[in-house]
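Asks: I'd like to ask some things about the structure below.
Please treat every number below as a calculation from the coordinates, not as lab data. As the structure is a computational prediction, the values presented were derived from the model and not from experiment. Ideal geometry is used to build each Cβ from the backbone, glycine not excepted, and the neighbour counts take in all protein chains shown.
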Amino acid sequence: MTKGTILWVDDEIDLLKPHILLLEGRGYSVETAASGEDALALLPDHPTDLVFLDENMPGIGGLETLERIKAIRPEVPVVMVTKSEAEDLMEQAIGKKISDYLTKPVNPTQVLLSVKKFLEGRQIVSEAVSRDYTQEFARISLDLMNARNAKDWIDIYTKIVGWELEFDEHSGLGLKQTLLDQKREANSEFGKFVERRYRDWVNTIYVESNAAERPPMSPDLVEQWVLPELQSDKQQNVVLFVIDCMRLDQWLIMEAELRNFFTIRRDYHYGILPSATPYARNAIFSGLFPSEFGKLFPHLWAGKEDDENSLNKDEQAMLQKLLDRERVKLRNELKYIKIIDRDFGAGIAQNITQHAKNHFTAIVVNFVDMLAHTRSDSPILKEIAPDESAYRSLTRSWFLHSSLFDMFQALATVPNLKVIISTDHGSIRSLRGAKVLGDRETSTSLRYKYGRNVKAEEKQAMIIKRPEDYKLPVRGAATNYIIAKEDYYFVYPTDYHKYLNYYRDSFQHGGISMEEVILPVITMEGKG
């Protein structure tokens, strides 16, 4: 069985006989043509996987032949073979979609490497990826047993996400389920870890030298990453983006599209619990935990339900109070923008370079959160994005056509500007139901609940009986919180199976998982 069919086009084809024999000896089938006309006559009726094309031939030249080949078989890679190293020639060839080029006289190693790259490259890489993950699986499993602190868990999570993205590129390896099982095991252990440590974290002041034990959390984000840039001697401006409900894997999809525009540094913080917008995003902008910012804004926790629209109306005021408390003097007034629809986002994108002239601009972007909720509610989007890999693909498609991408590209051209990006929480694909008991006053969120004596199994939820010990708002006597672990979501016993099926396979947040809690903090500076 041949490894692939190569068409080699050269007016001195007889001189290339040693190369052709080498390729045939390695299992490739090689067709030859002595001119562009002969090649174009062969191409429609012959299976061809790769073309080697001489640039300088009598009759139809190499560049014109290349153009005609691409018109007939646009999917076939073409390697230009040339005596010339002229830059303008290479630019013309690249413009006509050349796949690679070799300079004469070619040697056997160059030829074989080029063939392997195009005809066996994907298989070679896939085999290497499969082999590397098989070895890495054991290392990650050992890391799970030995994880002792917050940094260890960041390392574990980033490795798992890295392999998820790798498998997206190399589907069909048969290892995705193994990785999913390993991530589920990791989330099980992560939930236990957070449950043991969380109360100490929220009652300990963050110190950078102790970050492995007590990580930076939502209330520390502005102080640790934004304020140093605002107070820099460089007199630079800062734009802070808080992208609601953005997971690490989603950010990495975006980051890949931004590397040509920015130098990028990636750090991490831990989101607070519950990993939901009224708690985590207010904590970011206030620099305080929920019970603390509740004292400054008492109306926040007066209601019976956590309405994200009404409970996040004070973000600008919270951020200003934080700046005042830290005695940060801005050169002009704080600019705060919240983007909740496409048209408004497009308008902001058109004027983003003007906003970047402000000393400090904070922008909240809700598109990713809406993507998660819309996918959960829409059968069509569930069909388009039935699993995590497809959800990441959907994220990429959205981002490339979004006003957010337009903003980033424009900001990359602004001198003396730092762009800082983070999120309030991530989301997890919820696949397992957990029975919950509570009265009619119990809150309705799927990944966390609070109420009078609300109950769930300890294996499936972290149970907080004294909210004040966790810097959570106290909402009446006997009120406690339960926060879902792993990929569980809460379902009441009444009509249990109906709601179990209704909410299964939806992206939710509010609970304890690596996806919801371990969050990227990005610092970017434009390349020009």
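Asks: How many nm is it between the label spots at I72 and N56, if each spot is 7 Å from the Cα in line with the beta carbon?
Replies: Between I72 and N56, the label points sit 2.5 nm apart.
Asks: Which lysines have a Cα less than 16 Å from the Cα of K117, not counting those fewer than 8 places away in the same chain?
Replies: Qualifying lysines at Cα under 16 Å: K3.
Asks: Another question, if that's okay. Compute the helix-to-body angle for 121-146: its Cα long axis versus the longest principal axis of the chain, expressed 0 to 90° and rounded to tens.
Replies: Orientation of helix 121-146: about 30 degrees from the principal axis.
Asks: Here is a further query. Report the GluC sites (Glu not before Pro) located in segment 319-398 that are in a DSSP loop and have at most 11 other Cβ atoms inside 10 Å of their Cβ, or state none.
Replies: E333
Asks: Over the Cα atoms of segment 379-528, Rg to Rh with Kirkwood Rh, two decimal places?
Replies: Reported Rg/Rh (Cα atoms, Kirkwood Rh): 1.09.
Asks: Between segment 220-279 and segment 392-434, what is the C-alpha centre distance in whole Å?
Replies: Rounded to whole Å, the Cα centres lie 10 Å apart.
Asks: When Lys and Arg each count +1 and Asp and Glu each count -1, what net charge do the other residues less than 13 Å away from I348, Cβ to Cβ, add up to?
Replies: 0
Asks: Quick check: residue separation of A256 and K104 times 0.36 nm, minus the Cα distance between them. What number comes out in nm?
Replies: On the way: separation 152, 0.36 × 152 = 54.72 nm, distance 3.50 nm.
Once the chain is fully extended between A256 and K104, it gains 51.2 nm.
Asks: Whole number please: convex hull volume per residue, Cα atoms of segment 432-504, in Å³.
Replies: Normalising the Cα hull of segment 432-504 by residue number yields 80 Å³.
Asks: Taking R0 as 25 Å, what's the FRET efficiency between S141 and E457 from their Cβ-Cβ distance, rounded to 0.05?
Replies: That gives a FRET efficiency of 0.45.
Asks: Over the alpha carbons of segment 121-266, what is the largest minus smallest coordinate on each principal axis, giving the biggest first in Å?
Replies: Sorted largest first, the three principal extents are 51, 41, 25 Å.
Asks: Which entries of K176/K498; K329/K357; K183/K485; K455/K485; K321/K449 show an alpha-carbon separation above 19 angstrom in the structure shown?
Replies: K176/K498; K321/K449
Asks: Let me ask you something else. How big is the charge dipole of the chain about its Cα centre, in debye rounded to the nearest 20, if each Lys and Arg gets +1 on its Cβ and each Asp and Glu gets -1 on its Cβ?
Replies: It works out to roughly 2360 debye.
Asks: Over segment 5-106, how many percent of alpha carbon pairs lie in each 5 Å bin up to the one with the longest distance?
Replies: Going out from 0 Å in 5 Å bins, segment 5-106 shows 2, 13, 27, 27, 20, 9, 2, 0 percent.
Asks: As an exercise, use a Förster radius of 30 Å and the Cβ-Cβ distance of S393 and E127 to find the FRET efficiency, rounded to the nearest 0.05.
Replies: Efficiency for this residue pair is about 0.80.
Asks: Work out how much length K97 to Y503 would gain on full extension: take 0.36 nm times their residue separation and subtract the Cα-Cα distance, in nm to one decimal.
Replies: Answer, rounded to one decimal: 141.5 nm.
Asks: Figure the gain on full extension for L22 and K159 (residue separation times 0.36 nm, minus the Cα-Cα span) and round it to one decimal in nm.
Replies: 45.2 nm
Asks: Further, regarding this structure: Restricting to DSSP H runs of at least four residues, report the calculated mean residue ellipticity at 222 nm for the chain, -39500 (n - 2.57) per run over all residues, nearest 500 deg cm²/dmol. Could you put the intermediate results ahead of the total?
Replies: On the way: 22 runs with 228 residues, N = 528.
Taken over the chain, the calculation gives -13000 deg cm²/dmol.
Asks: May I pose another question? Once you put a point 7 Å from the Cα of L296 and another 7 Å from the Cα of Q320, both along the Cβ direction, what distance in nm separates them?
Replies: 1.2
Asks: Distance from the Cα centre of segment 458-528 to that of segment 144-177, in angstrom?
Replies: 22
Asks: Which trypsin sites (Lys or Arg not before Pro) does segment 438-528 hold that lie in a coil by DSSP with at most 10 other beta carbons within 10 Å?
Replies: Details: sites: R440, R447, K449, R452, K455, K459, K465, K471, R475, K485, K498, R504, K527; in loops: R440, R447, K459, K465, K471, R475, R504, K527.
Answer by residue number: R440.
Asks: Based only on Cα atoms, what Rg/Rh ratio does segment 121-195 have, Rh being taken as Kirkwood's radius? List each step's numbers first, then the result.
Replies: Values: Rg = 13.1 Å, Rh = 12.9 Å.
Dividing the radius of gyration by the Kirkwood radius yields 1.01.
Asks: How high is the relative contact order of the chain? Use alpha-carbon pairs under 8 Å, at least six apart in sequence, and give a whole percent.
Replies: 16
Asks: By how many degrees, between 0 and 90 and to the nearest 10, does the Cα long axis of helix 150-169 differ from the longest principal axis of the chain?
Replies: Between the helix axis and the principal axis of the chain, the angle is about 40 degrees.
Asks: In 10 Å bins starting at zero, report the fraction of Cα pairs in the chain per bin as a rounded %.
Replies: Final binned percentages: 3, 16, 23, 21, 15, 11, 8, 3, 1, 0.
Asks: How much net charge surrounds P415 when only other residues with a Cβ under 14 Å from its Cβ are counted (Lys, Arg +1; Asp, Glu -1)?
Replies: Combined, the nearby Lys, Arg, Asp and Glu give +3.
Asks: Give me the angle, in degrees from 0 to 90, between the Cα long axis of helix 388-400 and the longest principal axis of the Cα atoms of the chain, rounded to the nearest 10.
Replies: So the inclination is approximately 80 degrees.
Asks: Here's something else I'd like to know. Once label points are set 7 Å from the Cα along Cα→Cβ at both Q235 and L330, what is their separation, rounded to one decimal in nm?
Replies: With each label placed 7 Å out from Cα toward Cβ, I get 1.9 nm.
Asks: I'd like the projected area of segment 273-344, averaged over all directions, using the convex hull of its alpha carbons. Report it in nm² with one decimal.
Replies: For segment 273-344, averaging the hull's shadow over all directions gives 5.8 nm².
Asks: Would you list, by chain and number, the aspartates and glutamates whose Cα falls below 19 Å from the Cα of K418, excluding same-chain residues fewer than 8 positions away?
Replies: D220, E223, E229, D233, E255, E257, D267, E333, D406, E525
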